[in-house]
Amino acid sequence: MMILLQIAIGFTILGILVLIHELGHFFMAKAWRVRVLAFSIGFGKPLFKKTIGETEYRISSIPFGGYVHMAGEHPEDEKTIGPGDFTSKPTWQRALVALAGPAANFLFAMFFLWVMFIIGVEKPTYLARPVVGAVADSSVAKQAGLCPGDSIISINGRGTGSWEDVQAALSAQAGRTRVVYARGPREDSIEFMTPKVRGRGIPRQPAAGLFAPLPAIIGSLNAHSPAERAGLRPHDTVFSINERRIFSWFQLSETIVHYDSSVGPLRFLIRRADSTVGIDIVPEYKKDARRFLIGAAVMAPSTKKTRYSAIGAFPMMLRKSWEYTVMIFDVIGKLVSKQVSPQQLAGPVGIVQMSGVVAMGGLSAILDFMALIGINLAVLNLLPLVITDGGLLLFLLIEAVRRKPLSLQHQLLINRIAIAFFITLFLYVTFNDLARIPELLRLGK
């Protein structure tokens, strides 16, 4: 039932974003008195259709996308001399109709972010610290010498005031990375090569192998588990294991997973209320999990909700909108330079999957995700890729320079090539999406 709910939420989110985009085209076309033959949510065979005035409104069988069909818009359309034909309108009016869809997505994305900051953004309090919680074995950060407890000061000259800043800086970087950090009173710097993102799956390690400082606080214990038998209790904070300081739950888990039974029990130093307690625990190897475990779960971290006034939310909205816009061009640049594999691309199926998982985080998470995808749709639709809005704008620019449109034969040829390219791209990203389903289902549990 949870999976079905996630899928339903995902389709709803995608449908809303597509509806916003097509309504932008629709209302701008109506504003210039262009005759709209059809307005459809989805592609393929119409499941429902109703004609109101000159327009047939449809809900079609393939729920990925949608379209507004205007009279005379396509080269293969029957040509008339009516004033309502798209091609009869001045170039600048047709350009505004093409721009209206991406503009609607971008404006609504900004609105979603503005509402999100007003209702409040709830974040775990531990993300406020740029402190390394754990370092994955064999990662570039480990090889460079970063350790749990190090405080990240800057990455490539960009200051890091929170763990989110660390994640953003490392995720945006592929290649040589310079990190300035503090270890106790000493400040130092290191350099390493951030690896390229490859494969279709979700990366099993965060960027550079650095984990956030999720507090190592016990939430619950399995009955008759090694942790319960040793006397560990909920709300205990693990301070150290075998005199090694523990800075995060990830570090605690790593210590247990790599337990060597020949060394005897692990000595846990626990902070409990106002006292410090020493406890010896011998992890048990679980065949089904294929690793050592002690039967303890992490406590849900404390969170803080930050709300902004309607005026205060405005600069936050602008900053986030700019961040998401720059992020898209950064990803495109990395795809071109092969720093990111095209196998990481997601299509409509992936958006539906991720939407459902994100929706479990509440309204703020939904609004944030809708804003991100909305800005993606806006920017990508403006790229000059022939059958996108940007492609139409390119044709209009050529027409304005030549003072006449391309010939019908050339338009038909370019459209057929573009359609073949986009069908191939759609199949490719859909294959990527389907390959990621097992991992996304695990995330949603």
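The values are calculated or read from the model by the stated rules, or taken from the named source; none is laboratory data. What you are looking at is a predicted structure, and each value in this text was computed from that prediction instead of being measured. With ideal geometry, Cβ positions are generated from the backbone for all residues, glycine too; neighbour counts draw on all protein chains shown. Accessible surface is based on the protein model in full, side chains and every heavy atom, while ligands, DNA and RNA are left aside. Shrake-Rupley method; radii C 1.70, N 1.55, O 1.52, S 1.80 Å.
Packing here is the average count of other Cβ atoms within 10 Å per residue, and on that basis the peptides 233-246, 10-23, 299-312, highest first, run 10-23, 233-246, 299-312. Sorting the segments 183-193, 110-120 by their residues' average number of neighbouring beta-carbon atoms within 10 angstrom, most packed first, yields 110-120, 183-193. Electrostatic tally near R233: other residues with Cβ closer than 14 Å to its Cβ, Lys and Arg +1, Asp and Glu -1, net +1. For the pair R129 and L4, the difference between a 0.36 nm per residue extended length and the Cα-Cα distance amounts to 41.3 nm.
Computed FRET efficiency, Cβ-Cβ of I59 and R33, R0 22 Å: what is it to the nearest 0.05? Plugging the Cβ-Cβ distance into 1/(1 + (r/R0)^6) gives 0.30. With both labels modelled 7 Å from their Cα along Cα-to-Cβ, the V401 to E164 distance reads 4.3 nm.
In this simple spin-label model, placing a label point 7 Å from the Cα along the Cα-to-Cβ direction at both T237 and A310 gives a separation of 4.2 nm.
For segment 243-335, the relative contact order is 18 percent, taking Cα pairs closer than 8 Å that sit 6 or more residues apart in sequence and dividing their mean separation by the residue count. K304 sits among other residues whose Cβ lies under 11 Å from its own Cβ, and their net charge, with Lys and Arg +1 and Asp and Glu -1, is +2. Here the extension length gained between T325 and Y285 equals 9.7 nm, from 0.36 nm per residue of separation less the Cα-Cα distance. Of the residues K45, K404, the one with the largest accessible area comes first in the ranking K45, K404, computed with a 1.4 Å probe on protein heavy atoms. Modelled this way, with points 7 Å down the Cα-to-C-beta line, the labels at S275 and L96 are 7.7 nm from one another. Averaged over residues, the count of other Cβ atoms within 10 Å places the peptides 286-295, 392-401, 88-97 in the sequence 88-97, 392-401, 286-295, highest first.
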